[in-house]
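Quick one: this structure, given as structure tokens, is what I'll be asking you about.
The values are calculated or read from the model by the stated rules, or taken from the named source; none is laboratory data. Quick caveat: nothing in here was measured; it's all calculated off a predicted structure. FYI the Cβ positions are ideal-geometry reconstructions off the backbone, even for glycines, and counts take in every protein chain you see. Quick note on the areas: whole protein, heavy atoms, side chains included, nothing else; ligands and nucleic acids left out. Shrake-Rupley method; radii C 1.70, N 1.55, O 1.52, S 1.80 Å.
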Amino acid sequence: MRKLQVTVAMVALNCTLFTVSAQDLVVQVNKPVAAVQPTMWGIFFEDINFGADGGLYAELVKNRSFEFLKPMLGWKELRQTGKGKTLIINQGNEKPQNPRFARITVDSGSYGLSNEGFRGMGIQKGKQYNFSVWAKSGEGNLIMKVELVNTAGKKIGEASLTSFSNDWKKYTVSFITTDTASKGLLNVFFEGKGMIDVDMISLFPQDTWKNRPNGLRADLVQMLADLKPGFIRFPGGCIVEGQELETRYQWKKTVGLPEDRQLSINRWNTEFPRRSTPDYFQSFGLGFYEYFQLSEDIGAEPLPILNCGMACQYNTGEVAPMDQLDPYIQDALDLIEFANGDTSTKWGKLRADMGHPATFNLKYLGIGNEQWDEQYVERYRAFEKVLQQKHPGIVLVGSAGPAPNGPRFDYAWKEFKQSKAGLVDEHYYQSPEWFFKNATRYDNYDRKGPKVFAGEYAAHSKDDKDAESKNTWISALAEAAFMTGLERNADIVQMASYAPLFAHVEAWQWRPDLIWFDNLRSVGTPNYYVQKLFANNKGTLAVPILQYGHVLTGKDSIYASATIDQNKKILQLKIVNASSAAKGFMITIEGASVFRGGVWQVLSATDPLAYNTLDKPSYVVPISTPVKASGSRLKVLLQPSSFNVLSLPFNKKSN
Ligand code: AHR
């Protein structure tokens, strides 16, 4: 790990220590150029890198219903003090959504199963844990003893269950832990002589986000809430498409009782052989209801992406024939009913039965992820025709494919300009140089047709030994420069989200990512703080920030954008100094004067390859300083290699 290289900026706006000759910048508060949509800065969630199971979804037991391809994956028999056996029974079509269960037979003593969790279980000392199991007693009167142990085998929590009925029933028991463990194990022993069937063996912390059963990891949701995202795009990403149509994401299989949600292999299990993750599946405990609920909790518009009858074009590229597209389109109609329908409707009733009678007020719907060519446009149009007619108020989001330019990209845009799509989703995974250069990308974009959704982007730079090491400072700085271009063009760019969101340090497939975590901790990357600074200082109107009448897009390595929040009366300046020298500016504010009470936040590092880790999470973090200045002329000195956000309360000047 590199030495801490963040230094506090010399930030007094009336700075007397001003050593660099100042050039003029002009901010025209009185000449707004575009409304900034409340959706402008959002997040993109995909179940990649253990994002859902093993991550955001707080379930601690892996393969809880024995449905992985190898039914005992994650489980080990415990035979030290007894004799017994486990038989996996498959009920097949009798229960297609959850066909397998384990039949435990104990001959003597104490026999059981141990679950390894997702790279262990993160357990906190002195907290309540809730164990549950579906069980049906066969013979005898077995006692079920549940214990959490740490890696040294020390017991750190225990409970027991008895008196099982001869019908399938759910049993629950809670206990308080006596110690913390980052890699705990769950042992479930059966004592006595007899036989019992078990399924859905589950362990959750009580302290989930909002203490919800079947809930989400509170610390990770808090990281999302802190971003104040305008929207959440979910559930993907390529996961929507499936490697083949059979394994595409089907939202209907992700709602209802958790035990009735049919497990599916996660495409990232096998996608990259060098990062093979054989224990990566989707339990869908985090399903569409939970995504909508999460969106509501953190004040973000839900933006579900649906499969459009196409499997991933990087894999099989399978398509559903045009005359067999109806079930896919029906899924879209039913999803709108699930989110927005009255509780008297089939899907609206399910939403209510799940605990949310009020609608989720869905306004956006993505048709396909990264699709391309005629086969996509044809299918998109079939969706559009029906959805426009039945739900003209829903904004449809089309895909420009996986690349930020080229023939496929041009073709998609040409077609979407003749469509009713509200937004076109562009993706760019490129070098930091590309991001700096493309700060001007939208300055001369064609304003006719759909708006732009920058749905997935991340600057890819060098990596080092740590999992988190690809999230370098230079990548974050380049993204900040690029985002000034998005903000300046807020009339056409109306949504943007970094990708992907989460990665487990021991189970990732794809880097860089916005937030890294292990079983107990999480860390924001420099890229996270860039997103946070933009989203927390979003504003309602974009206003010009100019140097000698020109926008700042990289001349002398300076990039800038500005917004005002009309309601809070705050002027927000975002300025990137990508050079290795400090830069001084005299800023003239036209049409307003600022007063004391502002804040200057600086994100900076001298090493372009600096990054944050779980062990050193504060290597590159924003440093805030109060701004004491007032009036219409302000001096600033920007540190070398820094991203600066100044939020300044203002009064408008009357002309
Ligand atoms: O973010 C990871 C992947 O990158 C997404 O699944 C896909 O849409 C893109 O290619």
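Kindly express, to the nearest 10 degrees and within the range 0 to 90, the angle between helix 218-227's C-alpha long axis and the longest C-alpha principal axis of the chain.
The angle comes out at about 20 degrees.
Okay, next question. Taking R0 as 30 Å, what's the FRET efficiency between R275 and A225 from their Cβ-Cβ distance, rounded to 0.05?
Values: r = 29 Å, r/R0 = 0.98.
That pair, R275 with A225, gives E of 0.55.
Under unit Cβ charges (Lys, Arg +1; Asp, Glu -1), what dipole magnitude, rounded to 20 debye, does region 75-205 have relative to its Cα centre? Present the calculation step by step, with values, prior to reporting the outcome.
Details: 18 positive and 12 negative charges, 57 e Å.
Charge dipole, region 75-205, about its Cα centre: 280 debye, nearest 20.
Remind me, relative contact order of region 75-205 in percent, using alpha carbon pairs under 8 angstrom and six or more residues apart? Display every interim value, and only then the final one.
Working: 358 pairs, mean separation 45.7, N = 131.
Rounded, it is 35 percent for region 75-205.
With a 1.4 Å probe and all protein chains left in place, how much accessible area per residue does region 242-359 have, in Å²?
Per-residue accessible area for region 242-359 comes out at 39 Å².
Work out the length of the dipole vector of region 411-551 about its Cα centre, built from +1 on the beta-carbon of each Lys and Arg and -1 on the beta-carbon of each Asp and Glu, and round it to the nearest 20 debye.
On the way: 16 positive and 17 negative charges, 107 e Å.
In total the dipole reaches around 520 debye.
Calculate the FRET efficiency for Q388 and K125 from the Cβ-Cβ distance with a Förster distance of 56 Å, rounded to the nearest 0.05. Don't skip to the end; give the middle numbers.
Working: r = 55 Å, r/R0 = 0.99.
Here the calculated transfer efficiency is 0.50.
Could I have the simple spin-label model distance between S579 and S108, label points 7 Å from Cα toward Cβ, reported in nm to one decimal?
8.4
Another question, if that's okay. At 0.36 nm per residue, minus the direct Cα-Cα distance, what do K154 and D24 gain on full extension? Give it in nm, one decimal, please.
40.2 nm
Tally up the carbon and sulfur contribution to the accessible surface of the chain as a whole percent, 1.4 Å probe, everything protein left in place. Working shown, then result.
Details: 12490 of 24650 Å².
The nonpolar share, carbon plus sulfur, comes to 51 percent.
In square nanometres and to one decimal, what's the mean projected area of the convex hull around the Cα atoms of region 301-385?
Working: hull surface 25.2 nm².
With the hull built on Cα positions only, its mean projection is 6.3 nm².
Out of residues 5 or more away from F231 or on other chains, whose amide H comes under 5 Å of its own, with H placed 1.01 Å from N in the peptide plane?
G42, I43, E301
Ordered by packing density, taken as the mean number of other Cβ atoms within 10 Å over each peptide's residues, highest first, how do 549-555, 261-267 rank? Working shown, then result.
Numbers: 549-555: 15.3, 261-267: 21.0.
Descending mean neighbour count gives 261-267, 549-555.
What does the net charge come to around A52 if you take all other residues with beta carbon closer than 13 Å to its beta carbon, with K and R at +1 and D and E at -1? Don't skip to the end; give the middle numbers.
Details: positive: K62, R217, R261, R267; negative: E46, D47, D53, E59, E290.
Counting the neighbours of A52, the net charge comes to -1.
Let me ask something else. Could you sort the peptides 175-185, 633-643 by per-residue average Cβ neighbour count (10 Å cutoff), highest mean leading? Walk me through the numbers before you get to the answer.
On the way: 175-185: 18.2, 633-643: 22.2.
Top of the packing list down: 633-643, 175-185.
Could you check the simple spin-label distance between E244 and K628, using points 7 Å along Cα→Cβ, in nm with one decimal?
7.0
When you count, for each residue, the other Cβ atoms within 10 Å and take the mean per peptide, how do 366-378, 404-416 rank with the highest first? Could you put the intermediate results ahead of the total?
Details: 366-378: 21.4, 404-416: 16.5.
Answer by packing, highest mean first, reads 366-378, 404-416.
Grab the Cα-Cα distance for D167 and K76, subtract it from 0.36 nm times how many residues apart they are, and report the gain in nm with one decimal. Mind dumping the intermediate values first?
Numbers: separation 91, 0.36 × 91 = 32.76 nm, distance 2.60 nm.
Between D167 and K76, full extension yields an extra 30.2 nm.
Shifting gears a bit: I need to check one value: relative contact order of the chain, counting alpha carbon pairs closer than 8 Å and at least 6 residues apart, in percent. Each step should come with its number before you reach the end.
On the way: 1705 pairs, mean separation 117.3, N = 655.
Relative contact order of the chain: 18 percent.
OK, next. Take the alpha carbon atoms of region 75-205, find their radius of gyration, then divide it by 2.2 N^0.38 Å using N residues; give the quotient.
Numbers: Rg = 14.6 Å, N = 131, 2.2 N^0.38 = 14.0 Å.
Ratio of Rg to 2.2 N^0.38 Å for region 75-205: 1.04.
Then there is this: Per residue, how much accessible area does region 556-655 have with a 1.4 Å probe, in Å²?
Working: 3710 Å² over 100 residues.
Each residue of region 556-655 exposes 37 Å² on average to a 1.4 Å probe.
May I ask which residue of G393, P404, H427 lies farthest towards the positive end of the charge dipole of region 350-427, with charges of +1 (Lys, Arg) and -1 (Asp, Glu) on Cβ and the Cα centre as origin?
Result: G393, furthest along the dipole toward the positive end.
Here's another thing I want to ask about it. Just the C-alpha atoms of the chain: what Rg/Rh do they give, with Rh taken as the Kirkwood radius?
Numbers: Rg = 26.8 Å, Rh = 26.5 Å.
Ratio of gyration radius to Kirkwood radius for the chain: 1.01.
From largest accessible area down, sort S604, S618; use a 1.4 Å probe on the protein chains. Before the final figure, lay out the partial values.
On the way: S604 5, S618 70 Å².
So the residues, ranked largest to smallest area, are S618, S604.
Could you sort T525, T105 by accessible area so the largest value comes first, with the probe set to 1.4 Å? Walk me through the intermediate numbers first.
Details: T525 0, T105 35 Å².
Of T525, T105, the descending order of accessible area is T105, T525.
Accessible area per residue, 1.4 Å probe, Å², for region 75-205: what's the number? Present the calculation step by step, with values, prior to reporting the outcome.
On the way: 6050 Å² over 131 residues.
Computed with neighbouring chains in place, this is 46 Å² per residue.
Karplus couplings for region 517-530 from phi (6.51 cos²θ - 1.76 cosθ + 1.60, θ = phi - 60°), rounded to Hz, Gly and Pro as x?
Calculated HN-Hα couplings, in order: 8, 10, 6, 10, 10, 9, 9, x, 7, x, 5, 4, 5, 5 Hz.
Right, next: How large is the dipole of region 564-655 about the Cα centre if only Lys and Arg carry +1 and Asp and Glu carry -1, each at its Cβ, rounded to the nearest 20 debye?
Numbers: 11 positive and 4 negative charges, 100 e Å.
So the dipole magnitude of region 564-655 works out to roughly 480 debye.
For the chain, what is the calculated [θ] at 222 nm in deg cm²/dmol (nearest 500), taking -39500 (n - 2.57) for each run of four or more DSSP H residues and dividing by its residue count? Could the numbers behind the result be given before it?
Details: 10 runs with 108 residues, N = 655.
Rounded to the nearest 500, the figure is -5000 deg cm²/dmol.
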